[in-house]
Amino acid sequence: MKPFYITTPIYYVNDVPHLGHAYTTIAADALARFHAMAGDDVLMLTGTDEHGEKVQEAAAKRGLTPQALCDDVAPRFAHTWTQLDMGPFTADGARRRFIRTTDARHKAVVARLWRRIRARNADDLYLATYQGWYCVGCEAFYKESDLDKAGDAWHCKTHGRPVAWLDKERSWFFRMSRYGEALLEHIERHPHFIQPEHFKNEVVSFVRGGLRDLSVSRTSFAWGIPVPEDDPEGRAHVIYVWMDALTNYVSALGGFDDDAGGEPREFGTYWRAATHLIGKDILRFHAVYWPCFLMAAGLPLPRTILCHGWWTIGGRKISKSIPATRVDPVKLASDLGELSSVPETGIDALKYFLLRETPLGNDGDLIFENLLDRYNADLANDLGNLINRITAMVTKFGAQATPAADAALAAEGPFAALRRVADEAARDARAAWDGFQPSRALEATWRLVAEGNRLVDATQPWALAKAGDNVRLAQVLHDLLATAWWLRRMIAPVLPATARTLHGWLGVADDAPLGWPEPGQLGHDLPPVKVVASTPLFPRLDDKRKDALLARWLPAEPAAAAPADPAAPAPAPVTAPVLPPIQFADFEKLDLRVGKVKAAVKVAKADKLLHLTVDLGEGRDRSIVSGIAQRYAPEALVGKQVVVVVNLEPRKMKGILSEGMILAAGDDAILGLAAVDAEVPPGTRVR
Ligand code: MSP
C-alpha cells in the first residue's frame, strides 16, 4: 500500500471555524477519501495552532489565560469537522488525527528540531538584535516592500491593518540565507514540490530575490515553547510561532527521531508521502521557511506543498475582522439539507459546490445564488433525479435482484455509449484526483451522471415494460444499477452522505469492496443488490425557497450566519448622552419613509460608501449615498427594505447626488440597518 499523508494548516484559536477553514479541511478530506478508495494507506492530520502573540492577545481580550482560550476553542474545531461529516479527528494513533501545539509531545519535538539544527551547524542559530515591522495577524516579519502604505502607517496586505515596529528586540536568528540555493535546487529537481505551477513560480522568484536570515525567537511575551538553551544575557526566549507550528506535521507522526536518534516508524512511513494543503496566505512559510528548517536539521522534505486560493464574499476575504464575510459552514450545510429526506446531504451539497465551482488553485467569490443554482442543476436535476429514477424503476419493474446483462445488447447503441462514457469518466476523474484537481474530477464524474439520465431518456424503460420487451428492459435496469454502483463510489470523496445513502438503497452488503471503478468493469463489478425505493435527496428549490435561503444568508442582519466569536471584546456600553427634549412639531418635520433598495454599488475610492438606488414609491427612484460599505456587501442589500430620511437637503458625496439618508445603528463593523418587520409598500411613512 502506498502511503498518503495529507495535512491541513493548524488553525489559530483566536478565531472560531468559518467557511474559509472549512474549505481547506473539506478539500483535504476529499483527497484523503479518494486515496483511501484508490487503495492507499491514508493518514489525515488537522489541528490547532495555539501559541504566539496573537493567541495571547486574544486570550487577554476575553479575560482568559491563553491555555483556557485554547482549551475552549480547539475542541470547537474538532467538533465542527465532525458536524461536517469528516470526523472524528482524535489525538491518538488514529487515521484521522488532531494535533494541538500545546501538547507536551509536540513541544518536545520542536525543542528537538532546534537542537538538531544547532548540532548540525551551530551558527545556523545565532543571537542578534531584531528591528523591523511585524504583523501580529500573520505572525510575520515584513520588509516595507511587502507592505502597503496608507497615510503615514504601513499596513499588512493580508490583514489591511497597521503593522507594529519591533524595536531592537534581542532574538535568535536562523541562517536562512544559507539555504536559498539548496531550496531552488530541490524545487527544480522535484517539479511537483509546489503546486499548482503559478505558486511555484511565485516561490522561485521570491527565493531568487535572496533569502534573509529569520528571527526565530521572541522575548517580549511568554506564550510559546521556550528556546531549549540559555541566552548569555539571561533573557527568556520563546520559539517563533511559525517554527513551532510547522513542526506539527512531524510531531503528529511521533517526531523525526527518538531519544536514541532512531527514526520512529510513522515518520519513516509517511513523511516522504506528505502533502501539505494550505491557503495561499501561508505559502511562504510552507514553501520557504519550512523546507529551510528541515534542510538545516538534515531532514527530508515533504513531497508536496499544495496551495489553494481564497474564497471571498462580495470580493472580500473571509476573515474574523469583516463580519459580513463570516459564514458558518455548519449552518449553511444544515439549511441546504433542511428539506431533504436525508438532511446530511446538505453537507454534501456544500462540499460539492465549494470543490466544483472553482479549481483548487484559484480564488473564488462565494455567490449564494450560484450555490443554489448549482444545487438545482447538478444535484437536484442531475444526480438526485438519476438516483430516484433508478431505484424507482428497478422497484417498479420488479427486478429486485441483479438483472442479467446481455452481452450482445451491451455492445449496442446506448448501452455501448454508457460503457464508453463510464470508462472515460472513471479514468479522467481518477487522473484529476491524482493531480489534485477536485473540480475536474467532479466534472468528469458528472459526465457519467448525465449519461445515466440519457440512457433512461433514450430507452424509455416504462415504454419497454408496456411493450413487453423484457430483454431490453432487463438490460436497461442492469446498466442503471451498474451506473449507480459506480457513482456510489465516484461521488464518495465529496458526497459521502449521499454515497452511504445510495449504498443503503441499493441494498448492497456493507462490506462490498469500495475501490475506485476500473475501466471495462461496468456491470462486471456489480455486487448483489436488493433495491428499496428512495426518497428525494436533493429536492428542487423553487424561487420562493431560494429567496428564503438568500434572506437567511445574506449578511443584512448582523448575526445572521456568523458564528459566535469567542475572542471578540465585550461590546462597549452605549454612552452617548441623551439629547435635550424636542417638541412633537419638531419631530413631525422629519419625513421618514420605507424604501426598497433596487441596486447598490461601491463608490470608487471611498471605503465606506455605497451608492444605492431606492424605490420610495414616487414613480422615480432616488439616488442615495450611504456610509455602510464596511458592514454590508452591495449585493446583500438589493431587495431589502430600509428606513430613509427623505426631506434632508440633497447633497453631493464624492460627486454623487444623495437624495436621502438611510437610518442605521452603530458604525462600521457593528452597524445594523433600521428595519420594519413587515413588507410594506415603498414610500410608507415611519413615525
Ligand atoms: N496557524 C496558521 C497556520 C499554521 S500551519 C503550520 C494559520 N491559521 S489560520 O487560522 O489563519 O488559517 C489559515 C488557513 O485557513 C488558510 O491558509 C486557509 O487554508 C484557510 N482559510 C482561511 N480563510 C480562508 C478563505 N477565505 N479562503 C480559503 N481558505 C481560507 O494561518
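Structure summary
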read-out: Number of positions in the stretch 39-52 that are out of contact with any Phe, Trp or Tyr (no Cβ under 6 Å at 6 or more places or on another chain) and away from the ligand (no atom under 16 Å from the Cβ); value: 2
read-out: Cβ pairs under 9 Å, 6+ apart, first in the stretch 260-286 and within 22 Å of residue 31 (Cα to Cα), second charged (D, E, K, R) and within 13 Å of the ligand (Cβ to nearest atom); value: 280/363; 281/317
read-out: Which listed residue, of 433, 446, is within 20 Å of residue 384 (Cβ to Cβ) and of a type outside the set (A, V, I, L, M); value: 446
read-out: Selection status of residue 31, more than 9 Å from the ligand (Cβ to nearest atom), in contact with a Pro (Cβ under 9 Å, 6 or more places away or on another chain), in a helix (DSSP H, G or I) and aliphatic (A, V, I, L, M); value: yes
read-out: Residues of the stretch 302-335 satisfying the condition of being polar (S, T, N, Q), closer than 21 Å to residue 278 by Cβ and outside any loop (DSSP other than H, G, I, E, B); value: 304, 312, 325
read-out: Cross-chain or 6+ apart pairs with Cβ under 9 Å, the stretch 74-86 first and over 12 Å from residue 11 (Cα atoms), then at pLDDT below 95 and surrounded by fewer than 18 Cβ atoms within 10 Å (Cβ to Cβ); value: 79/87; 80/87; 81/87; 81/88; 82/88
read-out: Any hit, the stretch 480-501, residues being polar (S, T, N, Q) and surrounded by fewer than 22 Cβ atoms within 10 Å (Cβ to Cβ); value: no
read-out: Residues located in the stretch 287-301, provided they are free of Cβ contacts under 8 Å to residues at least 60 places away in the same chain and in contact with a strand residue (DSSP E or B) (Cβ under 9 Å, 6 or more places away or on another chain); value: 290
read-out: Counted residues, the stretch 254-283 - those being within 16 Å of the ligand (Cβ to nearest atom) and basic (Lys, Arg); value: 1
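Conditions (1) surrounded by 22 or more Cβ atoms within 10 Å (Cβ to Cβ); (2) in a helix (DSSP H, G or I); (3) away from the ligand (no atom under 13 Å from the Cβ); (4) in the same structural domain as residue 239 (by TED's automatic domain parsing), marked per residue:
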{"residue": "20", "(1), (2), (3), (4)": "yes, yes, no, yes"}
{"residue": "54", "(1), (2), (3), (4)": "no, yes, no, yes"}
{"residue": "69", "(1), (2), (3), (4)": "yes, yes, yes, yes"}
{"residue": "77", "(1), (2), (3), (4)": "yes, yes, no, yes"}
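The values are calculated or read from the model by the stated rules, or taken from the named source; none is laboratory data. The structure displayed is predicted, hence computed values, not measured ones. Don't worry about glycine lacking a Cβ; one is built from the backbone with ideal geometry, like all the others, and counts go over all protein chains shown.
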